[in-house]
1. Exactly one condition in (1) more than 8 Å from chain A (Cβ to nearest Cβ); (2) under 28 Å from A:His16 (Cβ atoms) is not met by B:Asp8; state its number.
2. Check A:Gln105, A:Gln34, A:Gln40 and return the single one that is within 14 Å of chain B (Cβ to nearest Cβ) and either hydrophobic (A, V, I, L, M, F, W, C) or under 20 Å from B:His16 (Cα atoms) (or both).
3. How many residues does region B:249-270 contain that are within 15 Å of the chain's Cα centre (by Cα) and either hydroxyl-bearing (Ser, Thr, Tyr) or within 14 Å of chain A (Cβ to nearest Cβ) (or both)?
4. Among what's in region A:195-222 and is within 24 Å of A:Leu336 (Cα to Cα) and without any contact (Cβ under 8 Å) to a residue 40 or more places away in the chain, pick the residue that is surrounded by the fewest Cβ atoms within 10 Å (Cβ to Cβ).
5. Which numbered condition trips up A:Ile203, out of (1) closer than 30 Å to A:Asp33 by Cα; (2) assigned to a helix (DSSP H, G or I)?
6. Scan region B:13-31 for residues that are among the β-branched types (Val, Ile, Thr) and within 9 Å of chain A (Cβ to nearest Cβ) and report the count.
7. From the set of residues in region B:235-292 that are in a helix (DSSP H, G or I) and acidic (Asp, Glu), which is nearest to B:Pro168 (Cα to Cα)?
8. B:Phe304: modelled with pLDDT of 95 or more and touching a Phe, Trp or Tyr at 6+ places or on another chain (Cβ under 7 Å), yes or no?
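The values are calculated or read from the model by the stated rules, or taken from the named source; none is laboratory data. If you're wondering where the values come from, they're calculated on a predicted model, not measured in any experiment. Because the Cβ atoms are built from the backbone with ideal geometry, glycine has one as well, and the counts that use them run over all protein chains shown.
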Number of protein chains: 2
Amino acid sequence: MNNMNPTDSYAELLRHTRDVAVLNSCSAVLGWDQQTYMPQGGAAFRGEQLALLAGLAHQKATAPRIGELLAAIENTEVVADPDSLAAANIREIRHSYNRATKLPQRLVEELARVTTTAQQVWQEARSQNAYPLFQPHLEQILALKREEADTIGHTGERYDALLDEYEPGTTTADIQTLFEELSRHLVPLIQQITSRSTPNTEILRREYPVERQRLFAESAAAAIGFDFQAGRLDVTTHPFCSGFGPGDCRITTRYNPRFFSEAFFGVLHEAGHGMYEQGLPKDQFGTPSGAYCSLGIHESQSRFWENQIGRSFPFWQHFFPRLKQAFPTTIGSSSLEEFFAAINAVQPSLIRVEADEATYN
Amino acid sequence: MNNMNPTDSYAELLRHTRDVAVLNSCSAVLGWDQQTYMPQGGAAFRGEQLALLAGLAHQKATAPRIGELLAAIENTEVVADPDSLAAANIREIRHSYNRATKLPQRLVEELARVTTTAQQVWQEARSQNAYPLFQPHLEQILALKREEADTIGHTGERYDALLDEYEPGTTTADIQTLFEELSRHLVPLIQQITSRSTPNTEILRREYPVERQRLFAESAAAAIGFDFQAGRLDVTTHPFCSGFGPGDCRITTRYNPRFFSEAFFGVLHEAGHGMYEQGLPKDQFGTPSGAYCSLGIHESQSRFWENQIGRSFPFWQHFFPRLKQAFPTTIGSSSLEEFFAAINAVQPSLIRVEADEATYN
């Protein structure tokens, strides 16, 4: 440990963080498979697989050697320039290391196991519209996440300890201020909008055959830049994006044969996430500088493509003729303007996505 | 290490072997995904993932602790009854441990990486009928497998060291004797059969829409006992069966819209493998007594269902009316007898499966 050369230490440290990232990417493949293709009978064993991988990744990420290497690098010339990749990487690895070393491996494994089971039960409960099925699992998760927060430590607001993982440095108080400011403007704006006549959204609720929806959404995702040589689109109960690593990013959606927006804007949204993942520097994979920087930034990319681009008039000037080609009898003689108004209809909803949860099967 | 209680040691040993099995099952999920759904761009990174998992599993399987535990159990009352599960497990774990500890981790990781790349190249080469693409990868694999054999050691016949992994205790000489005996009977039998008039196989080469083939094959696989709650059927370039673990066994096939036998008998074959996997004692997963005992036994199950059952007259007395229902215009007025003769047509071939490789696209 003494006399460790900081440059060699940095290289060794990055080999360790790469191993952890590769191990976590294996979990990502298993998580994706769980939600896309895994048969029901595989759920319990999948929990065991994910718990083992999570435990191994935790062991590697918290190995005393990581601490030794960090100590040998910090305050040396390797990190002298605070704007360098190396300095940023060391700051982030230190942050993650301090956080991870507080968590017992048992808790990490337990969370992997419990959330795997809960995911399966949630899908079942959702399809039956039976919340009581899911409730005990949610309670288990909450208890474990509270334990995680308390183990990590916080100054008053427990959620701060968890939020830090997604939006580093942000506190519950910051978010509250942001939301209060937003709602001061949004609430009257929504009232103003909904007090006028609502656009007719009937055009979105016609018959859209699922296979054609898939082809149309895939061609739009490819057109905006999602690389299908390095990714794919599948069906899940809840849409998501999972970047496994260089060259492999999976996005998912769900189709409603009688509601166009659900799958299509979901795909634009996930393709936005996916393009961010596909755009990460491949040669920095496994280091903080090769990973997304926060969930907020990630979400900004998805919503930018879904809403700023995907609900804009120029976008549909291009795509509406193609939509008519893909669904000639469905669109019929309806106009671009009618369609454009419908996809931009505003209504309050309990969840952020298209308010179609209740009727979606 | 001294004074270890053999019963406790046995319990601890089985926890270790279970971890190794779970880790290997994660590799199985990644291997399945590689062949079913992975986009092309993911191949290199998949090799890295599989190499890491193989290296970790090897580390765990060869940990000195395993050797200590084995030594603490062997020649104790735990294994006194040679016919007990414990005695069988210890014999098998000792055998695997002695074998695995000879192999350097580098070689294990290299084999995982090289075979992952080779699999992708083989698919590409096969679709282009371009062997030279694949040749250098095959040479790499052969070199590594030779190194593996020499590292393990053998008495003259190098392949014996590798065969032992698939058919424990069997030698190349045993197999040669077996094949010589078989060919003494089979060669004249095939000559006798092919000298007579060949059955007309035209009925198998009509138009069989792929989606209907899938439904028909799935229903037959379910009817003979493959549990689709604990498994699934997908499409790959080369059919296989992969038992991930308790409750999750994947089988695959490939469809030829103008050759019925290819997918259907492939599915019966893989379902045979799959039912063997699904029938393994779940509570013994992760121990030798919970795993298949040899590839020969595994293959006996698949070929039993494919040929002894699947090409029998009673089987088609039941399924031929269903085949007619599934493909009414294809089968038309053709008879059960005509179909039965066609599926049992005999002809020499360079590969064991239906001799349709050359024309399959």
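1. Answer for B:Asp8: the failing condition is (2).
2. Checking each option against the conditions leaves just A:Gln105.
3. Narrowing region B:249-270 to residues within 15 Å of the chain's Cα centre (by Cα): B:249-253, B:266-270.
Retained after the next criterion (residues that are either hydroxyl-bearing (Ser, Thr, Tyr) or within 14 Å of chain A (Cβ to nearest Cβ) (or both)): B:249-253.
Summing the residues that are within 15 Å of the chain's Cα centre (by Cα) and either hydroxyl-bearing (Ser, Thr, Tyr) or within 14 Å of chain A (Cβ to nearest Cβ) (or both) in region B:249-270 gives 5.
4. So, considering only residues that are within 24 Å of A:Leu336 (Cα to Cα) and without any contact (Cβ under 8 Å) to a residue 40 or more places away in the chain, the one surrounded by the fewest Cβ atoms within 10 Å (Cβ to Cβ) is A:Ser197.
5. Against the list (1) closer than 30 Å to A:Asp33 by Cα; (2) assigned to a helix (DSSP H, G or I), A:Ile203 comes up short only on (1).
6. Of the residues in region B:13-31, 2 are among the β-branched types (Val, Ile, Thr) and within 9 Å of chain A (Cβ to nearest Cβ).
7. So the first thing to find is which residues in region B:235-292 are in a helix (DSSP H, G or I), and the list is B:260-279, B:282-284, B:288-290.
With the extra rule that they be acidic (Asp, Glu), the set shrinks to B:262, B:270, B:277, B:283.
Working: B:Glu262: 31, B:Glu270: 23, B:Glu277: 19, B:Asp283: 24 Å.
The extreme case among them is B:Glu277.
8. Spelling it out, it is not the case that B:Phe304 is modelled with pLDDT of 95 or more and touching a Phe, Trp or Tyr at 6+ places or on another chain (Cβ under 7 Å).
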